[in-house]
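K.L.:
Before anything else, here's the structure in question.
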Amino acid sequence: MSLTADTDATRGLRIRNVGKTYRIEGRPLPVLQNIHLDIGPGEFVGIVGASGCGKSTLLRLIIGLEADYEGEIALGGDPIGGPSRERGIVFQDHRLFPWLTVTDNIALGLEGLAAAEVRERIAENIELVGLQGFENAYPHQLSGGMAQRAAIARALAMRPQILVLDEPLGALDSLTRVRLQNELFRIGRQSRMTMVLVTHDVEEAVYRSDKVVVMEPRPGRIKATIPVHLDHPRQRGSAEFVNLRERVYEALQY
Amino acid sequence: MTDITIGTVKKAPRRGAVRIWRGAALPLALLGAWAIVPHLLSAPHPLLVPLDEVLAAPFTDTSGREVWESLVQTLLRYGAGFALGAVAGLALGLLVGASGLADRLISPSFNAVRQIALFAWIPLLTAWFGNGEGSKLAFIALSAFFPVALNTHDGLRTIGRGYMEVAAVLKLSWGRRVTKLLLPGALPSIFIGLQIGLITAWLGTVGGEYMIGVGRGLGIFIAEARGQFRMDLVLVGVIFLALIGFAANVAFRRLFEPLIRWQGARP
Ligand SMILES: Nc1ncnc2c1ncn2[C@@H]1O[C@H](COP(=O)(O)OP(=O)(O)O)[C@@H](O)[C@H]1O
Ligand SMILES: [Mg+2]
């Protein structure tokens, strides 16, 4: 396991020896075990692994949705004790409130800001995810991909320090997916937003990430953390790129 | 007449004109018979008052004209009692549905008290509040209270955990949690509770009047007419009861159905 040199241990996310056990009908089910991970400010981290290996659970721990875990998770030195506006999430299912329009769903997380600021952030993020014209649509009037984009806008509008995304682009057609990937990536770099992306797309993970985390199941562990020290924009055909991609694939085949 | 849909609120199926007329055939035939048959009898029977006499009674008969004042009193009582009970039921349902502690403290007692048959409250209420307006209002409120509280609680319980997590992640304040998540999320169920409460409160209004007596109101009007063996006035009262029950249900749907339109097109 290698750690990237530029990890900023004081400002970044520090995950130390973390374990999580669910109970199913009284019997313990270890879901995560011995997780070590450092994510520096502004880093883009891709997480890949078979389904059921605890990727979503790890994101939930980072967000603070699971109170009961072993080990230590801290952001900027402060232990995580619950959700915070500094940490945003895009769930695997969009979870828009069905009784609110796209606009009102995005506005939910902007409580306490001035009205003009709220309007501006809504407009900005609706444009970003390409939902102009659907401002006043209800979730049931959107396709799955559009709803997922609205959920991305809702998370981005809060301008969190860390944004974790749980396979958010799976439901999108490939054109929209590539465009959104580009946009998300651009925002992340521009605003130094840390992004943790769970994805099935190994090629994409290698293309974007500063490091790729490969997980293995039963119980969920980190099999390998593979740093990608290549300049952007990356050349998908370059020898280094192909080599790194093969390393990720190899790690996946345990 | 009043159809209660327990479970999910669905839009009433649009009945075609044909179906409406087919459904109306039986009542219309009965009305026709009622209008004609009593006139064919050689001697008038006190239990068989012709339809036209019943319809004329509220306008021509001295005792019959009292139905209007009774109607106004009953409607006021119904409205006030229902509002009281619905607000209390909503408040309790929200409290118990939103707070686990309140749920554990209150729900067992609530469920025990709920088992008491509604009309068994009347002796208790009259002992506490006397035979006047207080008892009647309390009884109407109580009859609306239980279904509203129950369905509000139920509605909150069924809001998906995923939405609660979104509220936590977005750090919604308590006020927003209630107005943007709990209330709208529970609204379809609250809607059912209010709809049932409207009907039970109507039963409570008339039943309470009939059983407690004293004062004015349709229930009392009917009780007195029956005491004087005025079958025509009893029927006048009953027709008014049916019309109001029906109108309340229709008005309620018109008013509140647009509020849950968002769930209409969900798969
Ligand atoms: N709330 C829960 N209760 C019990 N088991 C759970 C719960 N959530 C997830 N699990 C289990 O934890 C394991 C990891 O789940 P998850 O983190 O969703 O994996 P992934 O996102 O990698 O597919 C699975 O075996 C799943 O069944
Ligand atoms: Mg998952």
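K.L.:
Look through B:185, B:175, B:155 and report the one residue that is part of a helix (DSSP H, G or I), surrounded by fewer than 16 Cβ atoms within 10 Å (Cβ to Cβ) and modelled with pLDDT of 85 or more. Reasoning before the result, please.
P.N.:
Working: B:185 fails: surrounded by fewer than 16 Cβ atoms within 10 Å (Cβ to Cβ); B:155 fails: surrounded by fewer than 16 Cβ atoms within 10 Å (Cβ to Cβ).
That would be B:175, the only listed residue that is part of a helix (DSSP H, G or I), surrounded by fewer than 16 Cβ atoms within 10 Å (Cβ to Cβ) and modelled with pLDDT of 85 or more.
K.L.:
I need the full set of residues from the range A:26-49 which are without any contact (Cβ under 8 Å) to a residue 24 or more places away in the chain and open to solvent by less than 10 Å² (accessible area, probe 1.4 Å), in order please.
P.N.:
Listed by number, the list is empty, since nothing qualifies.
K.L.:
Any residue in the range B:127-138 that is touching a residue at least 24 places away in the same chain (Cβ under 8 Å) sitting within a Cβ distance under 7 Å of a residue that is of a type in the set (Ser, Thr, Tyr)? List the pairs, counting only those 6 or more apart or interchain.
P.N.:
B:135/B:126
K.L.:
Further, regarding this structure: Condition first: among the hydrophobic types (A, V, I, L, M, F, W, C) and facing chain B (nearest Cβ under 7 Å). Now tell me which residues in the range A:76-90 satisfy that.
P.N.:
Let us first name the residues in the range A:76-90 that are among the hydrophobic types (A, V, I, L, M, F, W, C), namely A:80, A:89-90.
Listed by number, the list holds a single entry, A:89.
K.L.:
Now for a separate question. Assess whether residue B:162 counts as being within 12 Å of chain A (Cβ to nearest Cβ), part of a helix (DSSP H, G or I) and out of contact with any Leu (no Cβ under 8 Å at 6 or more places or on another chain). Even if it seems obvious, please write down each step before you answer.
P.N.:
Numbers: within 12 Å of chain A (Cβ to nearest Cβ): yes; part of a helix (DSSP H, G or I): yes; out of contact with any Leu (no Cβ under 8 Å at 6 or more places or on another chain): yes.
It is true that residue B:162 is within 12 Å of chain A (Cβ to nearest Cβ), part of a helix (DSSP H, G or I) and out of contact with any Leu (no Cβ under 8 Å at 6 or more places or on another chain).
K.L.:
Among the residues of the range A:119-175, which ones are assigned to a loop (DSSP other than H, G, I, E, B) and farther than 22 Å from residue A:185 by Cβ?
P.N.:
Taking the range A:119-175 first, the residues assigned to a loop (DSSP other than H, G, I, E, B) are A:129-138, A:142-143, A:158-161, A:167-173.
Those that are assigned to a loop (DSSP other than H, G, I, E, B) and farther than 22 Å from residue A:185 by Cβ: A:133, A:134, A:135, A:136, A:137, A:138, A:142, A:143.
Residues are listed down the side, and each one gets a yes or a no for (1) among the small types (Gly, Ala, Ser); (2) open to solvent by less than 10 Å² (accessible area, probe 1.4 Å):
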position	(1), (2)
A:155	yes, yes
A:162	no, yes
A:187	no, no
A:197	no, no
A:221	no, no
A:236	no, no
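For (1) open to solvent by less than 20 Å² (accessible area, probe 1.4 Å); (2) touching a residue at least 40 places away in the same chain (Cβ under 8 Å); (3) among the hydrophobic types (A, V, I, L, M, F, W, C), each residue gets a yes or a no:
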| position | (1), (2), (3) |
| --- | --- |
| B:56 | no, no, yes |
| B:63 | no, yes, no |
| B:67 | yes, yes, yes |
| B:72 | no, no, yes |
| B:76 | no, no, yes |
| B:80 | no, yes, yes |
| B:93 | yes, yes, no |
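K.L.:
Provide a single number: the residues in the range A:101-118 that are in contact with a Lys or Arg (Cβ under 7 Å, 6 or more places away or on another chain) and either surrounded by fewer than 19 Cβ atoms within 10 Å (Cβ to Cβ) or facing chain B (nearest Cβ under 7 Å) (or both). First the steps, then the outcome.
P.N.:
Within the range A:101-118, the first condition is being in contact with a Lys or Arg (Cβ under 7 Å, 6 or more places away or on another chain), and the residues that meet it are A:105-106, A:108-111.
Of the ones still in play, those that are also either surrounded by fewer than 19 Cβ atoms within 10 Å (Cβ to Cβ) or facing chain B (nearest Cβ under 7 Å) (or both) are A:108-109, A:111.
Going through the range A:101-118 one residue at a time, the tally reaches 3.
K.L.:
For the range A:1-15, how many residues are at pLDDT 90 or above and more than 27 Å from residue A:250 (Cβ to Cβ)?
P.N.:
First, the residues of the range A:1-15 that are at pLDDT 90 or above: A:13-15.
Imposing the further condition that a residue be more than 27 Å from residue A:250 (Cβ to Cβ) reduces the set to A:14.
Qualifying residue count, the range A:1-15: 1.
K.L.:
To continue, here is another question. Quick check, is residue B:188 in contact (Cβ under 8 Å) with a residue 12 or more places away in the chain and within 14 Å of chain A (Cβ to nearest Cβ)? Step through it out loud before you land on a result.
P.N.:
On the way: in contact (Cβ under 8 Å) with a residue 12 or more places away in the chain: yes; within 14 Å of chain A (Cβ to nearest Cβ): yes.
Answer is yes for this residue.
K.L.:
Taking the condition of being touching a Pro at 6+ places or on another chain (Cβ under 7 Å), away from ligand 2 (no atom under 16 Å from the Cβ) and closer than 22 Å to residue A:252 by Cβ, how many residues in the range A:27-67 meet it?
P.N.:
Number of matching residues: 2.
The values are calculated or read from the model by the stated rules, or taken from the named source; none is laboratory data. Small disclaimer: the values here were computed from a predicted structure and weren't measured. Virtual Cβ from ideal backbone geometry, glycine too; neighbours counted across all protein chains shown. Ligands, DNA and RNA are excluded from the accessible area calculation, which covers all protein heavy atoms including side chains. Shrake-Rupley method; radii C 1.70, N 1.55, O 1.52, S 1.80 Å.
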